[in-house]
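The values are calculated or read from the model by the stated rules, or taken from the named source; none is laboratory data. Predicted model only: the values in this text are computed from it and were never measured. Note that each Cβ is placed from the backbone with ideal geometry, even for glycine, and that neighbours are counted across all protein chains shown. Ligands, DNA and RNA are excluded from the accessible area calculation, which covers all protein heavy atoms including side chains. Shrake-Rupley method; radii C 1.70, N 1.55, O 1.52, S 1.80 Å.
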Amino acid sequence: MVITSNINSDRLWRTLMELGKIGASCEEAEGVTRLSLSREELEAKHYIYQLMKEIGLDAHMDPVGNVIGTLQGAEPQAPVVMVGSHTDTVFHGGRFDGALGVLGAIEAVRTIKEANIPLTHAIEIVSFTDEEGSRFGTGYIGSKAMAGMLKETIFDLKDKDGVSYRQAFIDAEFNPENYKDVIRQPGDIKAYIEMHIEQAKVLEELDLPIGIVTDIQGPVWLDVTLEGATDHAGATPMTMRKDVAVGVAEIVLAVENIALTYHGVGTVGIITLEPGAVNVIPGRTLFSIDVRHSDKGIRQQMVNDIYKKIEVVCKKRRLTSRIDVKKEVDPAVCSPKIVTLLEETCHALRYPVKKLPCGAGHDSLIMSKVTDIGMIFVRSKDGISHNPKEWSSQSDCAIGTELLFHTLVKLAQ
Ligand SMILES: [Zn+2]
């Protein structure tokens, strides 16, 4: 069947701007704040739920607050095609991160419904709970619950006001004790597709509206402590020092080098020096290292090289070290079949094709544990995200959503 309908760009834009008002500060510079299960985020969940109802989907919120809207297919037993993202934001975030994926999915499914396009598989739109992790310090809660990866201990985490995750769920009238009811079994989901803003400048530099994600890089986070000796900055000769600041400087440069060598990324984002006085040689430092690569094996080589370098530096400078692995998330590969389908659909729509890796984490990273995933990136102005200045143009959002619409039809027919 030849699809002649198009998504409605103005309608999509209107919903984006409407959702963007929920949790928006009157100070424009403060952007949008919808922390997980806050009053604002619950309002956003209800906004999405109402939209789903309005367009005639079967809508509900599951025990962990995922908002789900289903357009039924002809074969109730067939695995569902899932599409979505999230509506929670970071503190002082923007209007597009997550929101575009949910509202684009709603616009795409609305178009399918209006055009009476027959489907074999149901399409399920999901707005996942707490992707960002900004309130309780850990994210992907809704998608982890669905993938069967949620650990009960998360419910004991507390926000900065001492409210536990369990209490926040109960206050919002969800049933966290039923979190296992949310788990999907292998074969329940045919594919999960997520459209998301790029949050980087690659598409903008290439002057392209959209991109097709090939894989999602998973991070390893290391906390490193170096101990040396705190001495007088004037009285201690250069040859007699155990200065952790010069040690950490060498390691920062090595992280850059290793990332360049392996075509991955490596970042030292936090460095603290103690005692932190202008005339005292620092004797202790704590710093972070974030290492990412789309290949888990290569990422491990990067980490091994960093460990070796730390050992060498410490030996040379007579320092001691301790390294704690704070986080380790497996990278995910997008389904080659879905990447090809997105590519073919771009060709048919006369959109340029650009395949690129994704550096940030998304719900799709988690959903890759239970189903094939695909991701569409939409150009971010100046690459800015997690910031009130986050912006994607109406036409770029519409192009991404048009691609999403055609891809969903092909997957669900
Ligand atoms: Zn996001």
Subject >> Residue among 270, 289 that is at pLDDT below 95 and touching a strand residue (DSSP E or B) at 6+ places or on another chain (Cβ under 9 Å) >> reply: 270
**OP:** Any chance you could count how many residues in segment 321-378 are outside the structural domain of residue 103 (by TED's automatic domain parsing) and of a type in the set (Ser, Thr, Tyr)?
**Re:** 1
**OP:** For segment 321-330, state whether one or more residues are at pLDDT 95 or above, surrounded by 12 or more Cβ atoms within 10 Å (Cβ to Cβ) and within 20 Å of residue 226 (Cα to Cα).
**Re:** yes
Original post:
Within segment 142-152, can you find the residues that are part of a helix (DSSP H, G or I) and either among the hydrophobic types (A, V, I, L, M, F, W, C) or closer than 17 Å to residue 361 by Cα (or both)?
Top reply: 142, 143, 144, 145, 146
Original post:
With respect to residue 363, is the statement that it is charged (D, E, K, R) and open to solvent by less than 40 Å² (accessible area, probe 1.4 Å) true?
Top reply: yes
Original post:
Out of all the residues in segment 65-90, which are over 24 Å from residue 177 (Cα atoms), in contact with a Lys or Arg (Cβ under 6 Å, 6 or more places away or on another chain) and either within 11 Å of the ligand (Cβ to nearest atom) or not assigned by TED's automatic domain parsing to the domain that holds residue 386 (or both)?
Top reply: 89
**OP:** Would you check which residues across segment 360-373 are in contact with a Ser or Thr (Cβ under 7 Å, 6 or more places away or on another chain) and more than 16 Å from the ligand (Cβ to nearest atom) and list them?
**Re:** 372
Subject >> Unique match (being open to solvent by less than 40 Å² (accessible area, probe 1.4 Å) and either of a type in the set (A, V, I, L, M, F, W, C) or at pLDDT below 95 (or both)) among 44, 74 >> reply: 44
Original post:
For segment 406-413, does any single residue satisfy the condition of being outside any helix (DSSP H, G or I) and in contact with an Asp or Glu (Cβ under 8 Å, 6 or more places away or on another chain)?
Top reply: no
Original post:
(1) of a type outside the set (Gly, Ala, Ser); (2) under 19 Å from residue 51 (Cα atoms); (3) open to solvent by 10 Å² or more (accessible area, probe 1.4 Å); (4) away from the ligand (no atom under 16 Å from the Cβ): which one isn't true of residue 107, the others all being true?
Top reply: (3)
Subject >> Residue match in segment 135-142 (condition: farther than 26 Å from residue 185 by Cα and within 16 Å of the ligand (Cβ to nearest atom)) >> reply: yes
**OP:** Give the number of residues within segment 196-253 that are touching a residue at least 12 places away in the same chain (Cβ under 8 Å) and either among the aliphatic types (A, V, I, L, M) or within 16 Å of the ligand (Cβ to nearest atom) (or both).
**Re:** 29
Original post:
Quick one: is residue 180 under 28 Å from residue 335 (Cβ atoms), away from the ligand (no atom under 16 Å from the Cβ) and charged (D, E, K, R)?
Top reply: yes
**OP:** Could you tell me whether segment 346-359 includes any residue that is outside any loop (DSSP other than H, G, I, E, B), in contact with a His (Cβ under 8 Å, 6 or more places away or on another chain), touching a residue at least 24 places away in the same chain (Cβ under 8 Å) and away from the ligand (no atom under 13 Å from the Cβ)?
**Re:** yes
Original post:
How many of the residues making up segment 304-313 are surrounded by 19 or more Cβ atoms within 10 Å (Cβ to Cβ) and touching a strand residue (DSSP E or B) at 6+ places or on another chain (Cβ under 7 Å)?
Top reply: 2
**OP:** Scan 259, 191 and give me the residue that is modelled with pLDDT of 95 or more, open to solvent by less than 60 Å² (accessible area, probe 1.4 Å) and in the same structural domain as residue 324 (by TED's automatic domain parsing).
**Re:** 259
Original post:
Can you find a residue in segment 56-68 that is small (Gly, Ala, Ser) and open to solvent by 20 Å² or more (accessible area, probe 1.4 Å)?
Top reply: yes
**OP:** Considering only segment 276-295, state which residues are more than 20 Å from residue 250 (Cα to Cα) and exposed (fewer than 14 other Cβ atoms within 10 Å of the Cβ).
**Re:** 277, 278, 279
